[in-house]
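Asker: First, the structure itself, so that you have it in front of you.
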Amino acid sequence: MRAPQVRKLEGVLRLIGSIASNRRCRCCWLAALAFLCAAASAAAQTPVPSAPALNAESYLLVDFHSGHEFAAANADDRVEPASITKLMTSYVVFHELRKGNLTLEDEVYVSEKAWKTPGSRMFIEVDTQVSIEALLKGMIIQSGNDASVALAEHVAGSEETFASLMNQYAEQLGMSNTHYMNATGLPDPEHYTTARDVARLSAALIREFPELYSWYSEKEYTYNDITQHNRNNLLWRDPAVDGLKTGHTESAGYCLVTSAKRDQMRLISVVMGADSEKLRADDSQKLLNYGFRFFETHRLYEANTALDQAEVWKGESRSVSLAIGEDLWVTIPRGQYEMLDASMDLPAVLVAPISAGEQLGVLQVRLGDETIHQQPLLALDGVEAGGFWRRLSDSVALWFEDF
């Protein structure tokens, strides 16, 4: 396994060696060594400021890949989601598309209930047929409540049944503090979520439906000769921002969940219950700037790729390949990549048979003296038990091994 490089000091060591070889420069060598040690220590301890404090009711900033949490306040408190609800509405419809139960070209009948739904609208007409694609764009870009209800009725027969489906998906995603009563986000005492659950849902949308997620970055959409702009102002302010959704009701305040990507690093910020449209955008931008400015995210190892070999006793094969089941991402303060180190914690003896995918140990990642990540080490391939003589000879050999 090629672990992350720790303190690439070859050039520094060559410099020290050159100075030390000159006996007349012993004092210079000592001074240079002290300076370099002090400089290395200072670099390793580069301070990271505290995250910005916001006035929103709750908020959260996390890294999409590593799950690292940069900033949070009341992230597990129940709040009204308003139109952030439509993230789950689209998530359910996206799954129906993937299953083949719908196509983007399917026509949806617009009921009187959908047509009359109050709040933001895409201005569909009652008793008309509108495509799934048009309704999705009207809901995602224009935040149309009428589109949300039309989609819900088409998928599940009624909005109430669709809400039940939303709750089932929420449970699958581990959104334990979320409950939906409708597809729009209109106020209801039993309609609630949390900043953390919103971040979890947003990550699922990005991860599972990258081809449809791009609609969240579109700045405007025209339907029925009416052009409406996306309410996410950060799409115009920050080119790294490519989603997700705004929300607002009088009781919920101003809400915004945002995702932005710079290089390999993607962040998700959730701001719930801000006092104005401007403040929700400003607060979201503060969080994103903080995360990108002071931290960096790296993929250290890929899933299902051999990292190293471990010795196996009493097996048909003498070794087994070790791997991890998911890509290993870490988020660390900027400039500290050289401080990373990785090691494998394995039993002293591995004995066949070993099944493919069986956990054999733990991969540990440290930043300096701190363990920042642990992940199971799995057998990449299975190893069958060896024949009689292999098992016998290895049994005898193990008596004389010193572990």
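Asker: Can you tell me how many residues within segment 326-336 are surrounded by fewer than 17 Cβ atoms within 10 Å (Cβ to Cβ) and not charged (D, E, K, R)?
Answerer: Qualifying residue count for the region: 2.
Asker: Could you give every pair whose Cβ atoms fall below 7 Å, whose first residue belongs to segment 294-305 and is in contact (Cβ under 8 Å) with a residue 12 or more places away in the chain and open to solvent by 40 Å² or more (accessible area, probe 1.4 Å), and whose second residue is assigned to a strand (DSSP E or B) and not hydrophobic (A, V, I, L, M, F, W, C), counting only separations of at least 6 or pairs across chains?
Answerer: Sorted first by the residue in segment 294-305, then by its partner, the pairs are F294/P333.
Asker: Further, regarding this structure: Looking at (1) open to solvent by 50 Å² or more (accessible area, probe 1.4 Å); (2) farther than 16 Å from H248 by Cα; (3) touching a residue at least 60 places away in the same chain (Cβ under 8 Å), which one does A134 not meet, given that it meets all the others?
Answerer: Failed condition: (1).
Asker: So which residues in segment 102-129 are surrounded by 15 or more Cβ atoms within 10 Å (Cβ to Cβ) and in contact (Cβ under 8 Å) with a residue 60 or more places away in the chain, if there are any at all?
Answerer: T117, G119, M122, F123, I124
The rows are residues; the columns are (1) under 27 Å from the mean Cα position of the chain (by Cα); (2) over 23 Å from E218 (Cα atoms).
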site: V93; (1), (2): yes, no
site: P118; (1), (2): no, yes
site: M122; (1), (2): no, no
site: E133; (1), (2): yes, no
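Asker: Restricting to segment 342-396, name every residue that is touching a helix residue (DSSP H, G or I) at 6+ places or on another chain (Cβ under 9 Å) and either of a type outside the set (V, I, T) or crowded, with 18+ Cβ neighbours inside 10 Å (or both).
Answerer: Going through segment 342-396, the residues touching a helix residue (DSSP H, G or I) at 6+ places or on another chain (Cβ under 9 Å) turn out to be 349, 351-352, 366-368, 385-386.
A352, R366, L367, G368, A385, G386, listed by residue number.
The values are calculated or read from the model by the stated rules, or taken from the named source; none is laboratory data. This is a predicted model, so every value here is computed, not measured. FYI the Cβ positions are ideal-geometry reconstructions off the backbone, even for glycines, and counts take in every protein chain you see. Side chains are part of the model used for accessible areas, which takes the heavy atoms of the whole protein and leaves out ligands, DNA and RNA. Shrake-Rupley method; radii C 1.70, N 1.55, O 1.52, S 1.80 Å.
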